[in-house]
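Reviewing the structure listed below.
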Amino acid sequence: MTEPISTIGLIAGGKQFPVLVARGVKARGHRLVVAGFSGHTNMDVAPLADVFRELKLGKLNQLISFLKDEKVDKVIMAGTIEKPKVMDIRHLDMRAIKLILGRKDKGDSALLGIIAREFEKEGMTVVPAHEYMPDLLSPEGVMTRREPNEREWGDLRFAWNIAKELGRLDVGQCVVVREGIVAAVEALEGTDETLRRGFSYGGPECTVVKVFKPGQQKEVDLPSLGLDTIKLMAEGKATCLGVEAGKSLFFDREAAIEFADKAGITVVGLTPDSFPASS
């Protein structure tokens, strides 16, 4: 069955994800309208768009008006944007202020959820970015040549449980542990800084776990990792990475796994049933 042609509105952040999504959208023959933000958006996405406009960060009403004027019927959010800058009241219009600053819960999932609902109210369906790049989803099982040893399996289980509990509070997606001790949990700083901090405290042979937060919206925010993640782990002498299978984005997976094999790092796609009985 042929997919109906849609006008897709892509809200583009940084790094490679918005570019990959844009290519996926165009490969399916859809019309692509892209909203970018100076200093945040990977501008390599602009030539792929049928319509591109650079907007000011935090001007929610302007963003919605632009997408509606272009007859967008589906919206995708892809790419990184620095949350501290998003939350700076100097960047926000009245619509964003009313939505965001009056809330007690300002976690990532909560904020992205209320923004997504604003698009839905305006007749635009928010769809998962990976719908157009399904190969980016992390597979289940051990992806590297080396499997986790007994200590690493124990740390994977421990970190998984910690990360899921923190996720229920909408705190973060990533935890760094070593031998049953938490070295770092992700907060406002993002994954890369969490890893650096965790390795500085935990020392060599840390385990990293990144999960999909309970209650998180897959349409707007999936955990992600890639070659840069593995390189950071190698620099910090970490030895094990667990990522939630089917609910995490794995960029440059082939190159990342090759690098992990050379560095002696084991990478595992996890589900609740992944852990050996003895771990």
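The values are calculated or read from the model by the stated rules, or taken from the named source; none is laboratory data. Source: prediction; values computed, not measured. Here the Cβ positions follow ideal geometry from the backbone for every residue, glycine too, while neighbour counts run over all protein chains shown. SASA here: full protein model, heavy atoms, side chains in, ligands and nucleic acids out. Shrake-Rupley method; radii C 1.70, N 1.55, O 1.52, S 1.80 Å.
Note on the range 146-197: residues that are part of a helix (DSSP H, G or I) and either out of contact with any Leu (no Cβ under 8 Å at 6 or more places or on another chain) or open to solvent by 10 Å² or more (accessible area, probe 1.4 Å) (or both) total 24. Annotation: Arg168 fulfils all but one of (1) of a type in the set (Lys, Arg); (2) at pLDDT 95 or above; (3) more than 16 Å from Ala238 (Cα to Cα); the unmet one is (2). Taking the range 125-142 as the range and being surrounded by fewer than 21 Cβ atoms within 10 Å (Cβ to Cβ) and in a loop (DSSP other than H, G, I, E, B) as the test, the residues that pass are Val127, Pro128, Met133, Pro139, Glu140. Total residues in the range 5-61 satisfying the condition of being in contact (Cβ under 8 Å) with a residue 40 or more places away in the chain, over 19 Å from His130 (Cβ atoms) and in contact with a Gly (Cβ under 8 Å, 6 or more places away or on another chain): the figure is 2. Gly190 meets each of the listed conditions (1) modelled with pLDDT under 95; (2) at negative phi; (3) under 21 Å from the mean Cα position of the chain (by Cα) apart from (2). Consider the range 105-121 and keep the residues that are over 16 Å from Leu188 (Cα atoms) and open to solvent by 60 Å² or more (accessible area, probe 1.4 Å). The one that is modelled with the lowest pLDDT is Arg117. Candidates in the range 44-62 are the residues that are modelled with pLDDT under 95, among the aliphatic types (A, V, I, L, M) and in contact with an Asp or Glu (Cβ under 9 Å, 6 or more places away or on another chain); of these, the one that is farthest from Glu122 (Cα to Cα) is Leu57. Once the range 38-73 is narrowed to residues that are under 23 Å from the mean Cα position of the chain (by Cα) and of a type in the set (Ser, Thr, Tyr), the residue that is least open to solvent (accessible area, probe 1.4 Å) is Thr41.
Can you confirm whether Phe212 is under 16 Å from the mean Cα position of the chain (by Cα) and open to solvent by 20 Å² or more (accessible area, probe 1.4 Å)?
On the way: under 16 Å from the mean Cα position of the chain (by Cα): yes; open to solvent by 20 Å² or more (accessible area, probe 1.4 Å): yes.
Against the criterion (under 16 Å from the mean Cα position of the chain (by Cα) and open to solvent by 20 Å² or more (accessible area, probe 1.4 Å)), Phe212 qualifies.
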